[in-house]
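So the structure is just underneath, and the comments pick up after that.
The values are calculated or read from the model by the stated rules, or taken from the named source; none is laboratory data. Note that the coordinates shown come from a computational prediction; the quantities given were computed from them, not determined experimentally. Reconstructed Cβ throughout: ideal geometry from the backbone, glycine too, with neighbour counts over all protein chains shown.
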Amino acid sequence: MNVFFTFSLSGMIFLSSVASASAGEALRLGTAPAGSLSFTFGAALSQLIGKHTDMRVEVLPQGDVVALPLMESREMDLIAIANDALGYAYDGKGIYEKQTDGRGFDLRVLALGARYPATIVVAGDSGIKDYRGLKGKRVVLDYATQQAFSLGSRASLVSGGLRESDVTVLSASNIQTAVQLLLERKADGIFGRIGMPALRRLEANRKGAMYLSSGEERWEEVQRISNAYLPMKLKKPFGVPEGAVFVAQNLSLAARPDLPEEIAYKIVKVLWERESDLAKHHPQFCHLVKERFASEVSTAPYHPGAIRFFSEKGIWLNKMQARQENLLYRYGRLAIR
């Protein structure tokens, strides 16, 4: 039986079906649910590929815990996933340990996408002005199957100089539930990405959203959680002073390892050539820099098709090849390179 999802972006309707993949069918791209940056990127990429290549991409907004097993069974071809969650999925850690018995999901990166900043968010009327004000407060750190949120919340807390033991840890099934807890004053802080649609309700209530600045002194400790994280400064973002520093990471586009090399090459090529078109779909895509599609901060190895393209462009450097070999040899995943 097929399961159908419909959704719209900029007036366009996309229809996706879960079915067995076969030759000549559209590629299937897994994303987070509608309203997420991952979903918006997937829908935009689907448009670009459909318009500028002979391929089609169907977007399935089911979340990575559904999409990743489907990639193993070749019912899914691509996934848009946060770089920290990608590394945990590849390593078989966190929520992915049980899914894979600790062996991890074998994935290959096509490109590191836009960087997006995140932090702990509090209500404007809470009286909390910085991370020190969170001590002893109730903070949502656990987000069920949304591994990237659970990781990012902890990285943000560490960047602000706190430990889990410094706060009362709360759980939420998703970011929407976390926002509701904040609105109902049942939580004092939640994890949030700048520009996240789910935070609009908070921005319209309780005197708005306050995004806490973390500083730049604790990055070695932050990167023990994941080397995906980078410090990022923003100019006058809503609710924070100019020059505030946030925990940032890339949204990654990854593929199953046996995706044909030519298909991977063509996808990366259209992303490279049409990178500026993505900014029309979301402000965060303005932070997309194609020269950073290939990077040693990737938490999983690259696909051969992507490496071929980046080598032609002269941006596949020795340090990236060293990182590639380390990731492949570390897990013995050399059969498909």
Going through the stretch 73-97 in order, the residues found to be part of a loop (DSSP other than H, G, I, E, B) and in contact with a strand residue (DSSP E or B) (Cβ under 9 Å, 6 or more places away or on another chain) are GLU75, MET76, ASP77
Which one of these is crowded, with 21+ Cβ neighbours inside 10 Å, small (Gly, Ala, Ser), assigned by TED's automatic domain parsing to the domain that holds LEU107 and in a strand (DSSP E or B): ALA254, ALA264?
ALA254
Which residues, counting only those in the stretch 184-208, are within 21 Å of ALA114 (Cβ to Cβ), hydrophobic (A, V, I, L, M, F, W, C) and either outside any helix (DSSP H, G or I) or out of contact with any helix residue (DSSP H, G or I) (no Cβ under 8 Å at 6 or more places or on another chain) (or both)?
PHE191, ILE194, MET196
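Results for (1) surrounded by 18 or more Cβ atoms within 10 Å (Cβ to Cβ); (2) outside any helix (DSSP H, G or I); (3) among the aliphatic types (A, V, I, L, M), shown as yes or no for each residue.
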| position | (1), (2), (3) |
| --- | --- |
| GLY113 | yes, yes, no |
| GLY133 | no, no, no |
| GLY152 | yes, no, no |
| LEU182 | yes, no, yes |
Which residues, taken from the stretch 239-279, are free of Cβ contacts under 8 Å to residues at least 24 places away in the same chain and closer than 16 Å to PHE39 by Cα?
ALA279
Search result, residues across the stretch 98-111 that are charged (D, E, K, R) and either closer than 30 Å to LEU134 by Cα or not in a strand (DSSP E or B) (or both)
LYS98, ASP101, ARG103, ASP106
Kindly indicate whether any position in the stretch 215-237 is touching a Leu at 6+ places or on another chain (Cβ under 9 Å), surrounded by fewer than 19 Cβ atoms within 10 Å (Cβ to Cβ), in a loop (DSSP other than H, G, I, E, B) and not assigned by TED's automatic domain parsing to the domain that holds GLY50.
no
ALA248 versus (1) more than 21 Å from GLY136 (Cβ to Cβ); (2) surrounded by fewer than 18 Cβ atoms within 10 Å (Cβ to Cβ); (3) among the small types (Gly, Ala, Ser): which is the lone unmet condition?
(2)
Out of the residues in the stretch 41-54 meeting the condition of being closer than 14 Å to LEU253 by Cβ and in contact with a helix residue (DSSP H, G or I) (Cβ under 8 Å, 6 or more places away or on another chain), tell me which one is surrounded by the fewest Cβ atoms within 10 Å (Cβ to Cβ).
LEU48
Report, ordered by the first and then the second residue, all pairs with beta carbons closer than 7 Å, sequence separation of six or more or different chains, a first member in the stretch 44-62 that is among the polar types (S, T, N, Q), and a second member that is buried (at least 22 other Cβ atoms within 10 Å of the Cβ) and at pLDDT 95 or above.
SER46/LEU29; SER46/VAL57; SER46/VAL59; GLN62/GLY30
Select from the stretch 295-309 the residues that are under 13 Å from LEU271 (Cβ atoms) and surrounded by fewer than 23 Cβ atoms within 10 Å (Cβ to Cβ) and list them in ascending order.
GLY305
Criterion first (without any contact (Cβ under 8 Å) to a residue 60 or more places away in the chain and farther than 19 Å from ALA144 by Cα) does GLU203 satisfy it?
yes
Residue that is among the β-branched types (Val, Ile, Thr) and under 18 Å from LEU29 (Cα atoms), where the choices are VAL289, VAL297, VAL270:
VAL270
